[in-house]
Each structure stands twice: as structure tokens, then as C-alpha cells.
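Take a look at the structure set out below.
Read-outs: derived from the displayed coordinates by stated rules, not from any lab. The structure presented is a predicted model; accordingly, all values stated were derived computationally and were not measured. Using ideal geometry, Cβ is built from the backbone for each residue, glycine included, and neighbour counts are taken over all protein chains shown.
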Amino acid sequence: MVALALLLGGGGFAAWKLDWFSGNGEAVSFGKTPPPANGKTDPAAPANEAKPSGDPDVLMPTGPKSDFKQTTKLDDGTIIAKTRLAGAKSGFEGDVWVWAPKEYDDPKYAKSGFPVLIALPGGNGFPANYWSDRSLGLQKAISEGVQAGTSLPFIVIMPVLNPDNKYYYDGSDIPGQAKMGTWIAEDVPAFTKANFRTYKSRDGWAFMGSSSGAFVGMKTVLQHPDKFKAVIASGGEIVPDSPLWKGHQAEMDANNPEKLAKKLIDSKGPEVYINFQIGTKESGKERMTKFQEQYGKGPVKTTIRDIQNGEHNGWHYVRGMKEGSLDWISKVLKAPKPDAG
């Protein structure tokens, strides 16, 4: 870690040799607008003239486009980039990192929607989202999974989770606080639809998260089953625990996965999918098992994946994803369909 700190610090004497530093800070755009079928361009037509082919569920970028700057480059040439998002509904402004797989720029997918994985960090998740760090290998795991046929080519969206490092906000609209629940459930998806080819239906939307991020992902799926279908919840917390809930019991209950799951079971759907991941060297499995026993029924589909010798960290959770959780969520969500021509 000391060597890494020196490398990334002000000196960075070897940084110029490292390809993943090349281009950092430069403007990035995702996706190319395919030319019109007749080869002619109508000057009066909107910039994003391409129409989805075949699938009415495909949503082309709605705009306005955000300004992205490269933060790192992966070995396959794909880029992780960052932008600043002013949430129209939450009123919160924060950083968001994004990554699109190689397939996103493949001409045969130019009119295809792509599934979205919103990746949430643990801890306070501020001022950075650690899933944007290439060293954890999340994006590489997806790319390798695509090649192996065990993962869909997900667009990965990585927002900050909290407005500061003082408290846990539980990814929720706690009275008197920043509306982080609205930020995650409304503003971040709207931003994604503005900039990427996605799906209108929930079949193309899911979360993955670790620790407190796992809680927020699971809570949001249970809260908005009409918008999101699945979550990989790693080393997760099950119930809200922010000290900021004090005096707001009803609002806290409205953000409690146990109560949300019961409500979903009582209303008989729609189905949601929760894949818990837990390392065998960390605590917390009993909470997951209890949740599964009590609420893993009816429309609430739950699985628990043990990560052998796994600890409470992102590297081991990515390993669990490679060992099966990516394959699991890829079977639940919708795959992009190439243009038939």
C-alpha cells in the first residue's frame, strides 16, 4: 500500500510509464451514433437520430449528455470516467463514475440497449466510490465474464453514496438530511438513461454493493421493484442503522428491507432477486440466513453465496462474482441484442 501511495502521490515518478494513467483528465464520450440507413443526414433531425431496432424496450440516450473525464484506463482499452451530477429530484450534487464494456461501441450493438449495474461502495461512500478503482477488478471481471459467456456486458454506474464522511445516511431520504434515497433511485438512473442506451423496463436494471452499499442496493430494489429487478449484496447489512434516524421511526421503517420484503410478499409481487455474498472469514451470514428464512418466499427470491476464505473487502467480493454471482445476475437480467442488419 505504501508503494501504491507513492506511485499515486505527487511524485509519481513511474506514472508516465503506466498505460492506465495515459489520457487521465481528458474528455471521454461513450457510444457512437450510427449513420442513417440511407447514408444521408437531415440537418433538422436531432443529434441522436438512431432508432432502436426490433425491441420496443430499448431506450436510446435521452440527453442532455454529461461531460465525462477519464480517471483510468483498463488493459482492454475501455475507460472509467467521472462526471458531476446535479440531481434534479434530490437536489444533491455529487460525483458519478461510469464504465461501458467494449461491446457498447461495437457497431452491431449500436441500436441495442444494455443492462445497467449500479455499483455501491461500503463505508460512507464519499468522496469517492471505490468500485471505480481498477485494482478491485470489477470491470475486468465483467469483461472476462462476457468472453467466457458467464456475464452480460453491463454498463457500470458508480455514484457517491453519501454527502459527507460524518454519518451513514443509509441511502435514504432521512428527514432534514440530503435526499440520498432519491439520488440513488431517481437521479442516478435518470442520468444513466440520459447518457447511455438502456432499457425502459426493470429487466435491465440492477445493483451490486458491499457492506453499507449492499444494504442500500437491496433496500432500493425492495422499495422500487417496478424499476429494479436484482441485487448482489455482499457482506451486507440488513437493517437501517444511521444515527440520523433518531426520532423518525416511521420513515426508518419505510427504508427497512425486512418490512419492505414483507410488504412485497403480502402484495404478491413483482418478483425481485437478491443474491447475498459472504466471506467465510467474516461475520454476518446469520443475518442473511435469518432474512432468507423469514422473507425469502413468494416474490422475494434469495440465494446466499459463500466465498471460501473470503474477508470483508472488495477484492474477495469480486472473486465471488467471478465464481458465480455474475452468472446468476446475468440470467436474471436482459441481454443486449445485436442488430440483425
| field | Computed [θ] at 222 nm, deg cm²/dmol, the chain (DSSP H ≥ 4; -39,500 (n - 2.57); rounded to nearest 500) | value | -6500 deg cm²/dmol
| request: Multiply the residue gap between Trp315 and Asp57 by 0.36 nm, knock off their C-alpha separation, and tell me the result in nm, one decimal place. | output: 89.5 nm
| Amide hydrogen neighbours beyond the local backbone of Glu93, cut-off 5 Å, H modeled | Gly87
| task | Order these peptides, 154-161, 89-96, 135-142, by their mean beta-carbon neighbour count within 10 angstrom, highest first. | result | 154-161, 135-142, 89-96
| In a GNM of the chain with a 10 Å cut-off on Cα contacts, which of Ala254, Ala214, Ala81 has the highest mean-square fluctuation? | Ala254
| query | Taking Lys89 as the anchor, which lysines have their alpha carbon closer than 21 Å to its alpha carbon, excluding any fewer than eight residues away along the same chain? | reply | Lys65, Lys179, Lys193, Lys200, Lys219, Lys227
| task | Give, rounded to the nearest 20 debye, the magnitude of the charge dipole that the stretch 172-225 has about its Cα centre when Lys and Arg contribute +1 at Cβ and Asp and Glu contribute -1 at Cβ. | result | 160
| Which of Glu258, Glu103, Glu286 moves most in a GNM of the chain, Cα contacts under 10 Å? | Glu286
